[in-house]
Amino acid sequence: MAMLNSSHWGAFVPLVKDGVLTNVTPFAGDPDPSPILRSIPGAVHDATRIARPAVRRGWLEGGAGRHRERRGRDTFVEMGWDEVLDLLAAEFRRVIGEHGNEAIFGGSYGWSSAGRFHHAKTQLQRFLAAIGGYVGAVNTYSNAAGMVLAERVLGSGQAMGGPCTSWRSIAQSSELVVMFGGLPVRNTQVTPGGPAEHTTMRNLRRAREAGVAFVNISPVREDAPGFLDADWLAPRPNTDTALLLGLCHTLMEEGLHDRAFLDRYCEGYRHFAAYLRGEPDGTAKTAEWASGICGIGAEAIRGLARRMVRQRTMLLMTWSLQRADHGEQPCWALIALASMLGQIGLPGGGFGFGLGSMEGIAGNVRPFPTPALPLLPNAVKSFIPVARIADMLLHPGEPFQFNGQDLVYPDIRLVCWWGGNPFHHHQDINRLIRAWRRPDTVVVADCWWTATAKHADIVLPATTTLERNDIGATSRDRHVIAMKKAIEPVGHARHDFDMLADLAARLGAAGRFTEGRDEAAWLRHIYETARERAARSQRHWPDFSSFWEQGHLALEEAERPFILYEDFRRDPEAAPLPTPSGRIELFSKTVAGFGYEDCPGHPAWIEPAEWLGAEKAARFPLHMLSSQPKGRLHAQMDMAVASQEEKIGGREPIRLNPADAASRNIADGATVRVFNERGAMLAVAVVTPAIRQGVVQIATGAWYDPADPATDGSLEKHGNPNVLTLDKGTSRLAQGPIAQTALVEIEPFHGEAGITAYRVPLEASA
């Protein structure tokens, strides 16, 4: 059998010649393999690979905490592994001795490896726990606001992270699918741990062939695939909550809501209904009111509400809508609308989040235990919401609120970032740069010289998945993959496990970190642990040796379509939700009790910090949407072929409406400057009627590349939208990121800022 490997884009067979990875071929069982796989060989051998351990010149000259202003501008000195690990071990001893383990931040936010053992974040956090603990982060940039809200209102995050009602149920039973934020299938190329089978496109086609109708509610028409023939409604960005409230009011006003469902399965409808009628604030949330905010006609809103009542309707929402100011609210309003329709728990009815945000959210996989490296207990109890990294570094000791808790930002002296790139995914990069200068030491382990690595003090080269053995698995796919080493480590790269084991040994914690196992022993252990758990459910897995020889394990699919909340619908007393009331909380006493003005106890329209209805729109009249890219996962492999093919002249394309282009004398294919008070970037204009006037759209993930790294706020020349986005929490409830809340202006660019080779910041050899 051919040797397999896996990635977040899917499983594949690596082709190697003379020790070099030359090509990959997709897993034979994948019906719709991702084109991103083509980027793997080029990325593995790219010139931006970190070849040797390196230390920033200013840190070497002055020691920890000195010359921090030179981060991102300085050169690096390559050194040997033993020398660098000795320096790093001494820095850990100093920080722990002077400030305690609460001064160490183990963020390491990033997808990193699809392998479940060589998983950078888990490896780092095991190590940090073994030496006494660390400050960590909770939730994800992907769906932080929605996840916290779902746990409060539904009792768990299943509706947000899956499994949701399966595509099989939708194809068999739905008549109408209404997609808030569309269903951008480019996102379904990926899932953590790697999908061996990409099934979303096939399932969508089956649903359309079965006669299911679709409505795409998005400022971007291409957020739904063309073959769905979806009706297109294009609201102003960040106004979906108002639209949803207008739909709810129509159902209530016309007596179309399912009062029996609301009475039996929901808590607090009367509070929500009073808000819809305008009793607390004097403003009824009518279709006309909603139309004035979202820009969709009142009759279109009423017509959609009536249509949803007449048909078996599935309501979907992308994760992108909750990555906005007050992002909890559209999620809550969607749950309220689905409750008023009364189809939750029925085949093909109800709601779901993220079906177009990741592969496998609505698959039909029978649950199984996935092999995974276990964490160790963390003795440090301080933490931050994941997107509050800059706030933490800039404001040590200051109080903040999160999900009903009164917390304090710790004073971080040592940042450890393994396998991630915050200079891609964090908002307001210029603010992040200022925050990044605050710690004494920043250490980064990665495979490539990302912008994050260039802003570090100590850089450690890590192997890619092709250079080690591992096990690929995800709960959203039915395959477990034996990821077999294909090539030797490039340069002096080492496995995260090996470098951390050596560091743990220097700090007297090797036994706790490794538990006496090497790579081979750990792979066998985590597989056999999962196999024992599977056996308790009467499922037979081959032993590890047989699995490794076979190359992959294909598990059975579920026999019948999965329906979210089916048991709850059948008997809410026997199968209550894990909420305080046991029901869907349209009004939450708990959330109301927190007293957050930016997140009341029921779904509500709260004006965003930036939107097209704000006064600020007079200066910055375009709303920028930063979407997930088609040719890469976030920023991963931006330098490789699939990503480069999506660029124009080496820069990211930005889409805008013909009317917006004409009023600014911008031609299709022209280089443009996109700017606001937070920063400026260059991009290439793509003029298209498939986007609402007043809206521009650009992909995230272009590697941050300022024209002049020595100047704060320098023009970003590659097209990284996070130099423009707002670094603010969604609310005090979830503190999620709000990347989709950003007003900008665009103008033609006639200056000199050509694309040059990405700078690898190494000093020349003597």
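If I go through region 609-667 residue by residue, how many of them are in contact (Cβ under 8 Å) with a residue 40 or more places away in the chain, of a type outside the set (Gly, Ala, Ser) and assigned to a strand (DSSP E or B)?
So the count comes out to 11.
Where in region 352-471 are there strands (runs of 3 or more DSSP E), lying fully within it, with 3 or more residues that are under 30 Å from residue 151 (Cβ atoms) and open to solvent by 10 Å² or more (accessible area, probe 1.4 Å)?
Passing ranges, in order: 399-402, 405-408.
Does region 727-738 contain at least one residue that is in contact with an Asp or Glu (Cβ under 8 Å, 6 or more places away or on another chain), modelled with pLDDT of 95 or more, buried (at least 23 other Cβ atoms within 10 Å of the Cβ) and in a strand (DSSP E or B)?
no
Criterion first (in contact with a Phe, Trp or Tyr (Cβ under 9 Å, 6 or more places away or on another chain), assigned to a loop (DSSP other than H, G, I, E, B), touching a residue at least 24 places away in the same chain (Cβ under 8 Å) and surrounded by fewer than 21 Cβ atoms within 10 Å (Cβ to Cβ)) does residue 51 satisfy it? Full working, then the answer.
Details: in contact with a Phe, Trp or Tyr (Cβ under 9 Å, 6 or more places away or on another chain): no; assigned to a loop (DSSP other than H, G, I, E, B): yes; touching a residue at least 24 places away in the same chain (Cβ under 8 Å): yes; surrounded by fewer than 21 Cβ atoms within 10 Å (Cβ to Cβ): yes.
Taking the combined requirement at face value, the residue does not satisfy it.
Where the second residue is of a type in the set (Phe, Trp, Tyr) and modelled with pLDDT of 95 or more and the first is open to solvent by less than 20 Å² (accessible area, probe 1.4 Å) and part of a loop (DSSP other than H, G, I, E, B) and lies in region 263-292, which pairs have Cβ atoms under 7 Å and are six or more apart or on separate chains?
If the second residue must be of a type in the set (Phe, Trp, Tyr) and modelled with pLDDT of 95 or more, the pairs left are 268/587.
Give the residues of region 576-594 that are part of a loop (DSSP other than H, G, I, E, B) and either among the acidic types (Asp, Glu) or open to solvent by less than 50 Å² (accessible area, probe 1.4 Å) (or both), sorted by residue number. Outline the logic, then answer.
So the first thing to find is which residues in region 576-594 are part of a loop (DSSP other than H, G, I, E, B), and the list is 576-583, 586-588.
The answer is 577, 579, 581, 582, 586, 587, 588.
Give me a count of the residues in region 560-575 that are basic (Lys, Arg), modelled with pLDDT of 95 or more and surrounded by fewer than 16 Cβ atoms within 10 Å (Cβ to Cβ). Spell out how you get there, then give the answer.
Just the residues of region 560-575 that are basic (Lys, Arg), to begin with: 560, 569-570.
Now drop any that are not modelled with pLDDT of 95 or more, which leaves 569-570.
Of the ones still in play, those that are also surrounded by fewer than 16 Cβ atoms within 10 Å (Cβ to Cβ) are 570.
Qualifying residue count for the region: 1.
If the Cβ limit is 6 Å and pairs must be 6+ apart or interchain, which residue in region 209-235 that is within 18 Å of residue 696 (Cβ to Cβ) and assigned to a helix (DSSP H, G or I) pairs with which residue that is among the aromatic types (Phe, Trp, Tyr) and open to solvent by 60 Å² or more (accessible area, probe 1.4 Å)?
Once the first residue is within 18 Å of residue 696 (Cβ to Cβ) and assigned to a helix (DSSP H, G or I) and sits in region 209-235, its partners that are among the aromatic types (Phe, Trp, Tyr) and open to solvent by 60 Å² or more (accessible area, probe 1.4 Å) give 221/232.
When you look at residue 680, is it of a type in the set (A, V, I, L, M), farther than 30 Å from residue 248 by Cβ and touching a residue at least 40 places away in the same chain (Cβ under 8 Å), yes or no? Steps first, please.
On the way: of a type in the set (A, V, I, L, M): yes; farther than 30 Å from residue 248 by Cβ: yes; touching a residue at least 40 places away in the same chain (Cβ under 8 Å): yes.
Spelling it out, residue 680 is indeed of a type in the set (A, V, I, L, M), farther than 30 Å from residue 248 by Cβ and touching a residue at least 40 places away in the same chain (Cβ under 8 Å).
Of everything in region 72-96 that's touching a strand residue (DSSP E or B) at 6+ places or on another chain (Cβ under 8 Å) and farther than 12 Å from residue 443 by Cβ, which residue is surrounded by the fewest Cβ atoms within 10 Å (Cβ to Cβ)? Break it down into steps so the answer makes sense when it comes.
Within region 72-96, the first condition is being touching a strand residue (DSSP E or B) at 6+ places or on another chain (Cβ under 8 Å), and the residues that meet it are 74-79, 81, 84, 87-88, 91-92, 95-96.
Checking the rest, the ones that are also farther than 12 Å from residue 443 by Cβ come to 74-79, 81, 96.
Values: 74: 23, 75: 14, 76: 26, 77: 17, 78: 18, 79: 17, 81: 16, 96: 19.
Ranking the candidates gives 75 first.
Name the single residue that is surrounded by the fewest Cβ atoms within 10 Å (Cβ to Cβ) among those in region 208-259 being within 17 Å of residue 356 (Cα to Cα) and of a type in the set (S, T, N, Q).
216
Surrounded by fewer than 21 Cβ atoms within 10 Å (Cβ to Cβ), polar (S, T, N, Q) and out of contact with any His (no Cβ under 6 Å at 6 or more places or on another chain): is that true of residue 23 in this structure?
Yes, satisfied.
In region 26-48, what count of residues is obtained for those that are over 17 Å from residue 484 (Cα atoms), aliphatic (A, V, I, L, M), out of contact with any helix residue (DSSP H, G or I) (no Cβ under 6 Å at 6 or more places or on another chain) and surrounded by 23 or more Cβ atoms within 10 Å (Cβ to Cβ)?
Adding up the residues that qualify gives 1.
Determine, yes or no, whether residue 163 is of a type outside the set (Asp, Glu), on the phi < 0 side of the Ramachandran plot, open to solvent by 40 Å² or more (accessible area, probe 1.4 Å) and not in a helix (DSSP H, G or I).
Working: of a type outside the set (Asp, Glu): yes; on the phi < 0 side of the Ramachandran plot: yes; open to solvent by 40 Å² or more (accessible area, probe 1.4 Å): yes; not in a helix (DSSP H, G or I): yes.
For residue 163, the condition - of a type outside the set (Asp, Glu), on the phi < 0 side of the Ramachandran plot, open to solvent by 40 Å² or more (accessible area, probe 1.4 Å) and not in a helix (DSSP H, G or I) - is met.
The values are calculated or read from the model by the stated rules, or taken from the named source; none is laboratory data. Keep in mind the model is a prediction, meaning the values are calculated, not measured. With ideal geometry, Cβ positions are generated from the backbone for all residues, glycine too; neighbour counts draw on all protein chains shown. These area figures cover heavy atoms from the full protein model, side chains too; ligands, DNA and RNA do not enter into them. Shrake-Rupley method; radii C 1.70, N 1.55, O 1.52, S 1.80 Å.
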